[in-house]
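For reference, the structure is listed below as structure tokens.
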Amino acid sequence: MARQIWVLLGWSSEHGMASTPVGVLGLDAPEVFVEWTPREHVAGRIWRERLAGAGPAEIAERIAGWADTPIAPAVRVEPLLDGALADVVRAQLDDVLGSAR
């Protein structure tokens, strides 16, 4: 499996749709790394529940289906840089947070 980077979205009552970035998920078998958006615990609840206890193979298998859900979808993005998965995920979250300003 090729490296995948996903921006995880949660429901926004303000917008009436899933538009709140709640985290970034990186998959690079057999490694998985998630970095959560600060102060978005409620909006990120569904993603936290989905990922809790799920191993890399299960996440890789289920992410495409999860990404298509209307309440808590995800958007696959191109990595901003090469390097360790954790560094790539953190850079993507920094970019998401910078775009939200």
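Nothing in this text is a laboratory measurement; each read-out follows from the coordinates by a stated rule. Predicted, not measured: the structure shown is a model, and the values here were computed from it. Reconstructed Cβ throughout: ideal geometry from the backbone, glycine too, with neighbour counts over all protein chains shown.
Data table
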read-out	value
Neighbour-count order for Glu40, Glu61, Glu14, fewest beta carbons within 10 angstrom listed first	Glu14, Glu61, Glu40
Within a Gaussian network of the chain (alpha carbon springs, distance under 10 Å), most fluctuating of Val88, Val34, Val75	Val75
Listed residue (Leu81, Ala54, Thr69) projecting farthest to the positive dipole end of the chain, Cβ model	Thr69
Given charges at beta-carbon only (K, R positive; D, E negative), |dipole| of the chain in Debye	280
Relative contact order, percent, segment 4-99 [alpha-carbon distance under 8 Å, six or more residues apart]	35
Helix-derived mean residue ellipticity, 222 nm - over the chain, DSSP H n ≥ 4, -39500 (n - 2.57), to 500	-10500 deg cm²/dmol
Sites Ser13 and Ala64 - FRET efficiency at Förster radius 35 Å, r taken between beta-carbons, to 0.05	0.85
Ranked list, fewest to most other Cβ atoms within 10 Å of each Cβ, for His15, His41	His15, His41
